[in-house]
Amino acid sequence: MPFTMRKILLTGEVGVGKSTVVDRVLHLLDFPFGGFRTERLSAGGRLIGFRIVDIGTYSAGPIAKIAGEGRLIPHPQAFEDIGVQAIDRALASKDLIVMDELGFLELEAPRFQEMVLAALKGPKPVLGVLKRGHNSFLDGIRALDDVEVIEVREDNRDRLPLEIAKALKGDRVR
């Protein structure tokens, strides 16, 4: 299936391989990218929270901690600082903007949301991951005309990286 957009956001079930598809696409491309990733934080083998990492500088900060009952406590300031700077740097100096992942933790980070929308409305290609849930931020992203949301499933995740890489930059793939 050929993709028609150069703003591609992956969605799908937890653990299906969305971020792995992103990693494989990035490996296939031969041009500079920037943006951010989110990572799990663990201690003693158990999940304790999540952090955002700037792909270009590796600066990182917590975006959520897990409370005693397993409830997520958002920390939006890392989105406002690290996330905004990562997207801004990518917009200024990279050929591809990576946003892995967009969800609900950033609901209290208005500057971050503005930067995400600026990237998605801008001229540069974007590759990211979009949580499946619904909120004003996620639904606003899905409503953008230039964004293609692709579901990653077990039956398509192995072929998606090459197809997405070709869509993002034509024949400039390894």
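Bear in mind that the values in this text are calculations on the coordinates, not laboratory data. Not measured: the values here are computed from a predicted model. Neighbour counts are summed over all protein chains in view; Cβ atoms, including those assigned to glycine, are modelled from backbone coordinates with ideal geometry.
Starting at the first residue of the stretch 43-58, write each ³J(HN,Hα) from the Karplus equation 6.51 cos²θ - 1.76 cosθ + 1.60 with θ = phi - 60°, in whole Hz, x for Gly and Pro.
After applying 6.51 cos²θ - 1.76 cosθ + 1.60, I find 9, x, x, 10, 5, 10, x, 9, 9, 9, 10, 6, 4, x, 10, 6 Hz.
Enumerate the lysines that Lys166 could reach by cross-link, defined here as Cα to Cα under 29 Å, with residues fewer than 8 away along the same chain left out.
Partners within reach: Lys7, Lys18, Lys94, Lys121, Lys124, Lys131.
Report ³J(HN,Hα) in whole Hz for each residue of the stretch 122-138, in order, from the Karplus equation J = 6.51 cos²θ - 1.76 cosθ + 1.60 where θ = phi - 60°; Gly and Pro get x.
Whole-Hz 3J(HN,Hα) from phi for the stretch 122-138: x, x, 8, x, 10, 10, x, 10, 10, 4, 6, x, 10, 7, 4, 5, 5.
With a cap of 14 neighbouring Cβ atoms within 10 Å, and only residues DSSP puts in a loop, list the trypsin sites (Lys or Arg not before Pro) found in the stretch 36-107.
Passing both the DSSP loop test and the Cβ count: Arg71.
Under the definition of Cα pairs under 8 Å and six or more residues apart, what whole-number percent is the relative contact order of the stretch 7-169? Mind dumping the intermediate values first?
Working: 307 pairs, mean separation 53.7, N = 163.
Relative contact order comes out at 33 percent.
Have a look at Ala143, Ala64, Ala43 and tell me which one the Gaussian network model of the chain (Cα, springs below 10 Å) gives the largest fluctuation.
The residue with the greatest mean-square fluctuation here is Ala43.
Once phi is turned into ³J(HN,Hα) by the Karplus curve 6.51 cos²θ - 1.76 cosθ + 1.60 with θ = phi - 60°, what whole-Hz value does each residue of the stretch 62-73 show in order, with x for glycine and proline?
x, 10, 6, 10, 9, 7, x, 8, x, 7, 7, 10
Return the percentage of antiparallel bridges among DSSP beta bridges fully within the stretch 7-169, rounded to the nearest 5 %.
45
Where in the stretch 85-128 does the label zone of Glu151 land, with the point 7 angstrom along Cα→C-beta and an amide N cut-off under 11 Å?
In the stretch 85-128, the label zone of Glu151 (backbone N under 11 Å from the point 7 Å along Cα→Cβ) covers no residue.
Kindly put Thr20, Thr38 in sequence by how many other C-beta atoms sit within 10 Å of each C-beta, fewest to most.
Exposure proxy ranking, most exposed first: Thr20, Thr38.
Residues with amide H under 5 Å of Gly35's amide H, sequence separation 5 or more or different chain, H placed in the peptide plane at 1.01 Å from N; which?
Amide H neighbours of Gly35, under 5 Å, 5+ apart: Ile55, Gly56, Ala90, Val98.
When the chain is treated as a GNM, springs tying every alpha-carbon pair under 10 Å, which of Val147, Val14, Val22 comes out with the largest mean-square fluctuation?
Greatest mean-square fluctuation among the candidates belongs to Val14.
Can you give the Kirkwood hydrodynamic radius for the chain, in Å, rounded to one decimal and based on Cα pairs?
It is 16.3 Å.
Hey, can you grab everything whose amide H is under 5 Å from the amide H of Gly61? Only 5+ residues off in sequence or another chain; H modelled, so Pro and N-termini drop out.
Ile52
Enumerate the amide H contacts of Thr11 below 5 Å, restricted to partners 5 or more residues apart or on another chain; note that Pro and chain-start residues carry no placed amide H.
Sorted by chain and number, the residues that satisfy this are Leu130, Ile150, Glu151, Val152.
So which residue, out of Asp88, Asp139, Asp100, gets the largest mean-square fluctuation from a GNM of the chain using Cα contacts under 10 Å as springs?
Fluctuation is largest for Asp139.
Roughly how many whole Å is it from the C-alpha centroid of the stretch 1-77 to that of the stretch 96-174?
12
What number, rounded to the nearest 500 deg cm²/dmol, is the helix-based mean residue ellipticity at 222 nm of the chain, given -39500 (n - 2.57) per DSSP H run of at least four residues and division by all its residues?
-8500 deg cm²/dmol
To make sure I understand the rule: partners must be aspartates and glutamates, Cα under 20 Å from the Cα of Lys65, and not fewer than 8 residues away in the same chain. Which ones qualify?
The reachable aspartates and glutamates, counting only those whose Cα sits under 20 Å from Lys65, are Glu39, Asp54, Glu80, Asp81, Asp100, Glu101, Glu106, Glu108.
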